[in-house]
């Protein structure tokens with residue numbers, strides 16, 4: 001009887017030419033990294049999402065350009081084939097997410113990860129790469145930089161909180177305004193009836209002064225909670241700054257503070273409310289004069305700039321021309337624990353401040369579709385940077 005050929009035991013198959021799982025991993029790696037497969041590589045590197053793929057043994061199979069950009073890492077020619085924990089060693093939160101991909105029964109379809117060291121938020125999804133038999137031979141992570149989206153959402157949450165706070169503050173301010181005015185008037189009448197000598201005059205003068213201060217805070221509170229209504233027109237930045245310097249000097253005497261204004265030649269006009277923009281820079285300059293207390297330097301610079309939108313953002317607008325105005329001083333600076341709260345309503349580092357001046361400044365700048373940024377070094381000085389969009393060409397004919 002002829003000997004029947006023995007059937008070979010069935011092994012794990014893979015989608016790559018019917019090879020075994022181990023061979024499939026090698027073929028997959030070759031597929032992902034082969035320099036000959038230019039079209040495939042260009043597709044992956046052109047994606048607006050970051051992509052990381054790695055094998056079951058933990059070695060990196062693929063990491064596209066967007067992934068390197070989001071994670072702020074430098075690409076090395078030898079990254080592919082190295083353990084992904086080595087490639088991503090500067091991003092421990094990402095390693096923690098990837099390390100559990102083969103142990104989890106249910107992988108997140110949508111999840112977010114905050115990278116504190118980069119001040120970024122990414123949204124990601126994880127998937128296992130499986131062969132025909134359902135055996136996981138690798139994993140892939142797709143992710144997107146959500147930082148700008150997160151910032152917009154945070155600003156919207158802040159706006160909603162401020163609306164509620166504003167409604168409450170407006171009611172309180174209206175209730176306080178009349179009694180404060182009454183205190184000031186009655187104290188003034190009483191001063192006329194008491195002897196000019198003695199402590200009574202001094203005490204009444206203090207009452208009037210404090211009532212005026214309280215009334216000024218109430219006025220600022222009402223101004224803060226009111227919606228910003230702009231009277232938009234073509235506005236020359238130099239004119240705004242000149243008026244602001246004059247007004248700031250009437251609020252806080254400059255005394256020995258040296259002031260320098262350095263504006264780029266041919267600085268374009270902006271579309272804005274000249275009165276309210278003047279309020280912005282008057283406030284910033286008055287704060288600088290007050291911080292320097294009669295000695296030091298204040299510099300105002302103005303240059304043209306450009307806002308580059310993140311190309312990964314869908315529907316991103318083209319770059320926007322801007323005017324960038326810096327107000328710098330060499331004063332004591334802002335304490336590090338105050339920089340994140342400096343624009344918050346009612347936050348102040350001054351003994352008698354209302355904490356609304358910079359909140360109003362930010363509100364006005366936001367209404368102009370601009371932005372304001374703070375950078376400060378304790379003991380060396382502070383810089384407020386205001387970025388405003390340039391007037392459109394069509395507004396020349398308005």
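The values are calculated or read from the model by the stated rules, or taken from the named source; none is laboratory data. Predicted model only: the values in this text are computed from it and were never measured. Here Cβ is always computed from backbone atoms with ideal geometry, including for glycine, and neighbour counts include all displayed protein chains.
Conditions tested, residue by residue: (1) surrounded by 15 or more Cβ atoms within 10 Å (Cβ to Cβ); (2) part of a helix (DSSP H, G or I); (3) outside the structural domain of residue 360 (by TED's automatic domain parsing); (4) in contact (Cβ under 8 Å) with a residue 40 or more places away in the chain.
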| site | (1), (2), (3), (4) |
| --- | --- |
| 106 | no, no, yes, no |
| 126 | yes, no, yes, no |
| 134 | no, no, yes, no |
| 171 | no, yes, yes, no |
| 180 | yes, yes, yes, no |
Can you name the residue in region 253-294 that is out of contact with any strand residue (DSSP E or B) (no Cβ under 7 Å at 6 or more places or on another chain) and over 21 Å from residue 385 (Cβ atoms) and, of all such residues, is surrounded by the most Cβ atoms within 10 Å (Cβ to Cβ)?
254
If we keep just the residues of region 58-75 that are in contact with a helix residue (DSSP H, G or I) (Cβ under 8 Å, 6 or more places away or on another chain) and in a loop (DSSP other than H, G, I, E, B), which is surrounded by the most Cβ atoms within 10 Å (Cβ to Cβ)?
64
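Please verify whether residue 248 is part of a helix (DSSP H, G or I), over 27 Å from the mean Cα position of the chain (by Cα) and surrounded by fewer than 17 Cβ atoms within 10 Å (Cβ to Cβ), treating the condition exactly as stated. Working first, answer last.
Details: part of a helix (DSSP H, G or I): yes; over 27 Å from the mean Cα position of the chain (by Cα): yes; surrounded by fewer than 17 Cβ atoms within 10 Å (Cβ to Cβ): no.
No; evaluated as a whole, the condition is false for this residue.
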Being in a strand (DSSP E or B), modelled with pLDDT of 85 or more and surrounded by fewer than 16 Cβ atoms within 10 Å (Cβ to Cβ) is true for just one of 299, 322, 339, 304. Which residue is that?
304
On the basis of being over 24 Å from residue 364 (Cα atoms) and free of Cβ contacts under 8 Å to residues at least 40 places away in the same chain, does residue 252 make the cut?
no
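Scan region 187-194 and tell me whether some residue there is in contact with a strand residue (DSSP E or B) (Cβ under 7 Å, 6 or more places away or on another chain), surrounded by 12 or more Cβ atoms within 10 Å (Cβ to Cβ), outside any helix (DSSP H, G or I) and modelled with pLDDT of 75 or more. Please lay out each step first, then the result.
Taking region 187-194 and keeping what is in contact with a strand residue (DSSP E or B) (Cβ under 7 Å, 6 or more places away or on another chain), we get none.
No; the residues of region 187-194 include none that is in contact with a strand residue (DSSP E or B) (Cβ under 7 Å, 6 or more places away or on another chain), surrounded by 12 or more Cβ atoms within 10 Å (Cβ to Cβ), outside any helix (DSSP H, G or I) and modelled with pLDDT of 75 or more.
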Could you list, in sequence order, the residues of region 343-375 that are more than 13 Å from residue 386 (Cβ to Cβ), modelled with pLDDT of 80 or more, touching a helix residue (DSSP H, G or I) at 6+ places or on another chain (Cβ under 6 Å) and assigned to a loop (DSSP other than H, G, I, E, B)?
347, 356
Quick one: residue 242 ticks every box in (1) part of a helix (DSSP H, G or I); (2) more than 13 Å from residue 328 (Cβ to Cβ); (3) touching a strand residue (DSSP E or B) at 6+ places or on another chain (Cβ under 7 Å) bar one, so which box is it?
(3)
Quick one: residue 119 ticks every box in (1) at positive phi; (2) not assigned by TED's automatic domain parsing to the domain that holds residue 53 except a single one, so which number is it?
(2)
